[in-house]
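Data block below; observations after.
The values are calculated or read from the model by the stated rules, or taken from the named source; none is laboratory data. On a predicted model such as this, the values are computed, not experimentally measured, just so you know. With ideal geometry, Cβ positions are generated from the backbone for all residues, glycine too; neighbour counts draw on all protein chains shown. Accessible surface areas use protein heavy atoms only, side chains included; no ligands, DNA or RNA. Shrake-Rupley method; radii C 1.70, N 1.55, O 1.52, S 1.80 Å.
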Amino acid sequence: MSLIEVNSLNKHYGSKRVLNNLSLSLGASRIVGLLGPNGCGKSTLLKILAGLIADYQGTVRLDGHQPDTHTRSIISYLPERTYLSGWMRPIDAFALFTDFYSDFDRQKADEMMNNFNLNPKQPIKTMSKGMQEKLQLILVMSRKAKIYLLDEPMGGVDPAARSMILDVVLKNYQDDALMILATHMIYDVEKIFDEVVMMGFAELIMQGQTDQLREQYGKSIDDLFREVFRCSVSL
């Protein structure tokens, strides 16, 4: 049974079409790479799945439900930009998540904070973008969710930190869950993907199992995406 079913999904911002008749089915126990350039609709799709955008056309089902209180309780969402108040410190954010989410594991959060060398009492407004992203990742991965939605989790960190972030994702990801990781930095992360969904601007270009796509096309997912996306632009 699929955890996520999307059928004929359309979304506009004014006259601009952001998602065009997109259909998608994703099951549990896998990490899915949602791949595409900036502005192609990845973030909008994740916001719809997270229940943050409701004015769309088409059908969306998560664990058999339309986006509602149930789906929000099983989704752990990392947005592209921080939603935490600048005055907050990691310990404040941990306390907030402990109050809001029964599946939040405070011990796991503390361990990840130590591994990332974050100061538990440093105000978020004084943190670098990379430090803020690490804190958000800690909050998301410390929950025992059914669905994880990560929107560009490594956009503000240096290359040396990306390997550590991938390790955190793999070690703390629930094996029976579904994770969707949206990124345009495919080369750095394709090794962790079981499946990939490739998006051009507003449209689904390709979906498939990672190993099968590599074997079929004889190239890496990064090289394949570059080739497919160039073709879609030329059309």
Filter region 154-169 for residues that are under 15 Å from residue 117 (Cα atoms) and among the aliphatic types (A, V, I, L, M) and give the result. 157, 160, 161, 164, 165, 168
Just need a number here: residues in region 51-86 that are touching a Pro at 6+ places or on another chain (Cβ under 8 Å) and more than 30 Å from residue 223 (Cα to Cα). 4
Given the conditions (1) within 23 Å of residue 181 (Cβ to Cβ); (2) in a strand (DSSP E or B); (3) not hydrophobic (A, V, I, L, M, F, W, C), report the number of the one that residue 10 does not fulfil. (1)
Looking only at region 133-143, decide whether some residue is in contact with a strand residue (DSSP E or B) (Cβ under 9 Å, 6 or more places away or on another chain), among the basic types (Lys, Arg), open to solvent by 60 Å² or more (accessible area, probe 1.4 Å) and closer than 23 Å to residue 47 by Cβ. no
For residue 126, which of the numbered conditions (1) in contact with a strand residue (DSSP E or B) (Cβ under 6 Å, 6 or more places away or on another chain); (2) among the β-branched types (Val, Ile, Thr); (3) surrounded by fewer than 19 Cβ atoms within 10 Å (Cβ to Cβ) fails to hold? (1)
Suppose the filter is touching a Pro at 6+ places or on another chain (Cβ under 9 Å), of a type outside the set (Asp, Glu) and under 25 Å from residue 2 (Cα atoms); does residue 199 pass it? yes
For region 60-105, name all the residues that are in contact with an Asp or Glu (Cβ under 8 Å, 6 or more places away or on another chain) and charged (D, E, K, R). 61, 80
Can you spot a residue in region 99-110 that is closer than 30 Å to residue 200 by Cβ, hydroxyl-bearing (Ser, Thr, Tyr) and free of Cβ contacts under 8 Å to residues at least 40 places away in the same chain? no
Tell me, which strands (runs of 3 or more DSSP E) wholly within region 158-226 include 1 or more residues that are open to solvent by 10 Å² or more (accessible area, probe 1.4 Å) and either modelled with pLDDT under 90 or closer than 30 Å to residue 11 by Cβ (or both)? 195-199, 204-209
